[in-house]
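The values are calculated or read from the model by the stated rules, or taken from the named source; none is laboratory data. A quick note: this is a predicted structure, and the numbers were derived from the prediction, not measured. Please note: Cβ atoms are built from the backbone with ideal geometry, for glycine as well, and neighbour counts cover all protein chains shown. Just so you know, the surface numbers come from the protein's heavy atoms only, side chains and all, with ligands and any DNA or RNA stripped out. Shrake-Rupley method; radii C 1.70, N 1.55, O 1.52, S 1.80 Å.
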Amino acid sequence: MAKLSSYYTLCPLIDQQNLLGVEKDSKPGCVVVTLGKNIVIRYKLQDLKQLSSWSSSDRLTTQVIYDEIDNRYVAVFNENHIRVWNEHDSDLDKVKKHKFQSPFYTILRADQCPPILVRQNGSAASLSWALANRKSWNTNGILIKGENIKDCKLININKKLYLCMLTNTDEFHNYIMVPLNDNTYVEDGDNVTRIKMQRTSENLVGHTITQDNNNAYLLTLWSHGRLYSYPLIGHSAQPPPGNFLSVVTALSTKHPVIMVPLNNITIAAYGADVLEEGAVLIIYNLSFKLAQATQKLKLYTKDAKMWRVEDKLLLAANRHLAIAPYNLTPQRIEAMVGSSRHIPSGNDKVNGEDDIVVVQEMEIASWGTETTKNFKLPGSVPKELKKQLSMLVQDGLPESAIVEILIPPLVKSKDIKNIIWFLNNFGDIPEQLLVQLLSFCLTTSDDTFDSIQNGFTDSPQIVQPTGRVILLNSILSVSYSDVCLLTHLKASLGFNEILILLNYLRHTLDASQEPATHHPGTSEPTEEQLLDWASLLLDSHYQQYLLSQDPKICTLLEQLTAVLDLHFQFINDLETLRPMIERLRDGKSLVPTLHSSMKYYSIEEVKLY
């Protein structure tokens with residue numbers, strides 16, 4: 001799964017076109033921002049503080065990068081002058097200039113490699129080699145006449161560095177890939193790979209490169225929303241643009257889209273909203289072919305720029321440089337497995353092209369637990385739910401989506417029996433829905449539970465009637481993510497409801513209280529689950545406990561402390577008994593005999609076979 005946190009502004013942009021780039025700094029968590037033609041600022045991303053800055057009377061024409069090999073900063077001025085300086089230099093005008101014959105396009109950096117200079121004619125070399133051979137450096141490039149660089153980057157495959165460039169002419173785009181020499185990083189002009197990027201009735205709106213351990217893949221997004229992948233190393237079974245991956249529907253492809261790789265299967269993309277209302281920033285999973293996280297923005301900027309630094313995205317749009325933190329967590333198969341089945345229409349074929357194949361036949365895989373062809377719903381399904389459940393399961397919806405569709409109407413109609421059935425038979429209940437059920441259980445009237453009391457009157461006096469206790473125990477027995485649940489507890493559950501629930505947990509954990517009778521067919525939380533819930537409730541409303549002057553709350557907390565102390569003492573007693581239990585298990589005597597105690601040592605015979 002992936003998550004996008006709320007973005008915040010790093011700095012305003014006077015002229016967005018003059019923002020040349022954002023690069024990693026010498027210190028972790030810091031970046032070098034080349035704000036304009038004459039200004040460079042080092043920022044700390046955590047607290048947005050400026051570490052230092054530089055200015056120059058000469059015009060900057062590339063972003064400033066940090067050379068981690070030689071611990072220095074590098075940039076190009078006036079297209080053909082290079083300056084190299086260190087962190088303590090305050091006046092860039094006093095730094096020596098190195099003049100070259102041909103203009104430069106950019107400076108690139110890769111991990112554990114020196115800075116690579118790229119000229120406008122497509123030739124490249126390392127910074128050290130270029131400074132030592134600036135007069136003899138060949139001015140011939142690898143681009144043809146009329147071809148201009150639009151974007152370029154470095155990729156490292158099997159310890160071999162390649163320069164990749166997107167170029168354009170008056171008619172079409174090319175993607176050029178050329179290996180670099182291992183020592184000088186000069187381009188190998190005899191092994192240039194040129195990929196023609198052209199499709200009938202479609203325009204290129206976005207591109208990026210993802211890579212794994214053995215290969216790199218050129219991802220291209222076209223104006224009809226089609227996303228393609230083309231391997232850059234080795235042979236491809238499909239001609240450019242390569243294999244069709246999916247149709248991107250999370251953003252509009254009528255306008256340019258910026259794409260940045262996050263790992264080998266995940267990319268971040270910025271583009272216009274599909275409804276033409278502002279912009280949208282998404283994290284897209286290439287394996288599951290869906291947007292895992294989405295953040296909407298008020299305005300769309302056509303010439304926006306985006307970079308990735310550590311676990312943050314830096315987006316230059318709407319005259320601001322913003323920071324959007326993101327988090328990639330391990331994939332949850334139960335949350336990801338589902339179906340976005342495409343309904344066939346007459347628009348599937350565009351201009352005779354049939355790139356999208358709608359598969360209507362699905363094969364049900366055997367996971368080792370189901371041998372029949374028909375999927376069986378969990379438990380004894382209530383008759384009133386069987387039809388709806390069958391339809392949702394056939395559509396391929398995961399458990400979390402099914403319960404989000406079916407449980408809210410049951411809450412509205414106060415159908416306690418079927419709500420409990422869902423809680424007992426479905427394991428993936430969204431945390432927000434779980435808190436809503438908790439609030440419903442604690443606040444709804446007693447008359448709602450009359451139909452399921454079945455004559456039991458043994459529920460704790462803290463919570464009545466018995467039907468409410470059964471529903472509450474079922475909710476407390478559901479597994480959850482404590483991080484997600486804590487947020488919804490703070491926002492959706494009132495302090496009075498928290499106190500009622502905390503008092504119930506205290507009563508249930510109290511060993512001195514007579515335990516309630518277990519009702520057949522119901523779930524009851526374990527002691528570990530009760531302790532976890534108590535911990536969450538203390539965390540969620542910690543400030544209210546501190547600020548409250550109610551003596552009843554203080555008494556409740558003291559009682560809870562006493563109950564927990566008894567549990568801790570019981571654990572300590574078990575730890576003391578552990579050696580005795582192990583001796584009993586091994587058939588040894590608990591008390592040493594007089595015969596053995598008179599010896600300075602003893603010999604124990606161990607039977608191996």
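Observations, loosely collected:
- Taken over segment 142-152, the criterion of being surrounded by fewer than 17 Cβ atoms within 10 Å (Cβ to Cβ) and within 17 Å of Leu108 (Cβ to Cβ) is satisfied by Lys150, Asp151.
- Failed condition for Tyr7, given (1) in contact with a Lys or Arg (Cβ under 6 Å, 6 or more places away or on another chain); (2) open to solvent by 10 Å² or more (accessible area, probe 1.4 Å): (1)
- Looking across segment 275-327 at every residue that is among the small types (Gly, Ala, Ser) and within 15 Å of the chain's Cα centre (by Cα), the one that is surrounded by the fewest Cβ atoms within 10 Å (Cβ to Cβ) is identified as Ser287.
- The residues on offer are Glu582, Glu575, Glu558, Glu605, and the sole one that is in a helix (DSSP H, G or I), open to solvent by 100 Å² or more (accessible area, probe 1.4 Å), modelled with pLDDT under 85 and of a type in the set (Asp, Glu) is Glu575.
- With respect to the conditions (1) at pLDDT 80 or above; (2) over 33 Å from the mean Cα position of the chain (by Cα), Pro520 lacks only one, and its number is (1).
- Yes/no for Asp111 being surrounded by 16 or more Cβ atoms within 10 Å (Cβ to Cβ) and touching a residue at least 40 places away in the same chain (Cβ under 8 Å): no
- Residue within segment 115-131 that is surrounded by fewer than 17 Cβ atoms within 10 Å (Cβ to Cβ), closer than 30 Å to Pro256 by Cβ, of a type in the set (A, V, I, L, M, F, W, C) and within 32 Å of the chain's Cα centre (by Cα) present: no
- In segment 264-274, the residues that are buried (at least 16 other Cβ atoms within 10 Å of the Cβ) and under 13 Å from the mean Cα position of the chain (by Cα): Thr266, Ile267, Ala268
- Residue count for segment 535-551, restricted to those that are open to solvent by 60 Å² or more (accessible area, probe 1.4 Å) and of a type in the set (A, V, I, L, M): 2
- Of everything listed in (1) at pLDDT 95 or above; (2) under 25 Å from Tyr175 (Cα atoms), the single unmet condition for Val74 is (2).
- Where strands (runs of 3 or more DSSP E) fall wholly inside segment 165-224, the ranges with 1 or more residues that are touching a helix residue (DSSP H, G or I) at 6+ places or on another chain (Cβ under 6 Å) are 173-179.
- When restricted to residues that are touching a helix residue (DSSP H, G or I) at 6+ places or on another chain (Cβ under 9 Å), surrounded by 23 or more Cβ atoms within 10 Å (Cβ to Cβ) and farther than 21 Å from Asp151 by Cα, segment 60-82 contains 0.
- Hey, Gly206 in contact with a Pro (Cβ under 9 Å, 6 or more places away or on another chain), modelled with pLDDT of 90 or more and either open to solvent by 50 Å² or more (accessible area, probe 1.4 Å) or over 30 Å from Leu297 (Cβ atoms) (or both) or not: no
- Test: residue in segment 24-39 that is more than 31 Å from the chain's Cα centre (by Cα) and modelled with pLDDT of 90 or more: yes
- Residue within segment 33-42 that is open to solvent by 30 Å² or more (accessible area, probe 1.4 Å), in a strand (DSSP E or B), touching a strand residue (DSSP E or B) at 6+ places or on another chain (Cβ under 7 Å) and touching a residue at least 60 places away in the same chain (Cβ under 8 Å) present: no
- Looking only at residues in segment 246-258 that are among the aliphatic types (A, V, I, L, M) and within 15 Å of Gln292 (Cβ to Cβ), the one that is surrounded by the fewest Cβ atoms within 10 Å (Cβ to Cβ) is Ala250.
- Positions within segment 421-435 being open to solvent by less than 30 Å² (accessible area, probe 1.4 Å), out of contact with any Lys or Arg (no Cβ under 9 Å at 6 or more places or on another chain) and in a loop (DSSP other than H, G, I, E, B), in sequence order: Phe426, Ile429, Pro430
- Flag for Thr193 being touching a residue at least 60 places away in the same chain (Cβ under 8 Å), under 24 Å from Ser236 (Cα atoms) and open to solvent by 50 Å² or more (accessible area, probe 1.4 Å): no
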